[in-house]
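See below for the structure under consideration.
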Amino acid sequence: GGYISEAESGRRGAKNAYENDAQDVVNEIRAAQGGINTGRAQNALNVRRSMASIASGIRQGLRSGQTQLANMNAGDSSAARAMAMGFAKSGNKQASQVGNEAQLKEGEFDSAQQELNRTEAQKLGALKSWRDNKVNDIGTKLYQSLAELDAQAQGEGLNGIVDMGAKNRIVA
């Protein structure tokens, strides 16, 4: 009974340690994933804001330019076309820069995600190995103790009084 109680106590302690460590890993992974997700969302928001700012600047520039051309009676001239083309070219350049910066950030997030996935797999693998080793240690120690007790009992002529199946029940 003492050996079985000791094994049960070891099992409960190992179970609690495993659950605590597993929860720590889960919390760490969730926090890191949340940071990546927030960064991606912020990057997308920055792109939208930048594009809206570019569009607003172009609209404002076109209005101002049209007013100037109208004051010079050149609203229908090639100057209006040239002005529009200039703003389009400038807007395309700015939009391209915004897109390039957003892609660089996405690359950083992709790298961070790959590192997080690698870390998660490593930590979960280590946790599983620790659990498996702990279960094996508890089971082996109990089996050895019960086998010694059984051998002593058999030496005294008492056969079958040691519950050797207790090891399997506790390990399971």
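Six or more apart or on different chains, Cβ atoms under 6 Å: show the pairs whose first residue is in the range 161-172 and closer than 9 Å to Asp150 by Cβ and whose second is of a type in the set (Asp, Glu) and open to solvent by 70 Å² or more (accessible area, probe 1.4 Å).
none
Which one is modelled with the lowest pLDDT, of the residues in the range 61-85 that are within 53 Å of the chain's Cα centre (by Cα) and open to solvent by less than 100 Å² (accessible area, probe 1.4 Å)?
Residue satisfying both the conditions and the ranking: Ala80.
Among the candidates Ile36, Ile4, Ile58, single out the residue that is modelled with pLDDT of 85 or more, of a type in the set (Val, Ile, Thr) and over 29 Å from the mean Cα position of the chain (by Cα).
Going through Ile36, Ile4, Ile58 in turn, the sole match is Ile58.
Inspect the range 101-113 for any residue being farther than 30 Å from Asp163 by Cα, of a type in the set (Phe, Trp, Tyr), modelled with pLDDT of 95 or more and surrounded by 12 or more Cβ atoms within 10 Å (Cβ to Cβ) and give the result as yes or no.
There is at least one residue in the range 101-113 that is farther than 30 Å from Asp163 by Cα, of a type in the set (Phe, Trp, Tyr), modelled with pLDDT of 95 or more and surrounded by 12 or more Cβ atoms within 10 Å (Cβ to Cβ).
Take Ala80 and decide whether it is under 30 Å from Asn37 (Cβ atoms), small (Gly, Ala, Ser) and either in contact with a helix residue (DSSP H, G or I) (Cβ under 6 Å, 6 or more places away or on another chain) or in contact (Cβ under 8 Å) with a residue 24 or more places away in the chain (or both).
When the stated conditions are applied, Ala80 does not pass them.
The values are calculated or read from the model by the stated rules, or taken from the named source; none is laboratory data. Treat the numbers as computed from the prediction; the structure is a model and nothing was measured. Positions of Cβ are backbone-derived with ideal geometry, glycine not excepted, and every protein chain shown enters the neighbour counts. Heavy atoms of the whole protein, side chains included, go into the accessibility calculation; ligands, DNA and RNA do not. Shrake-Rupley method; radii C 1.70, N 1.55, O 1.52, S 1.80 Å.
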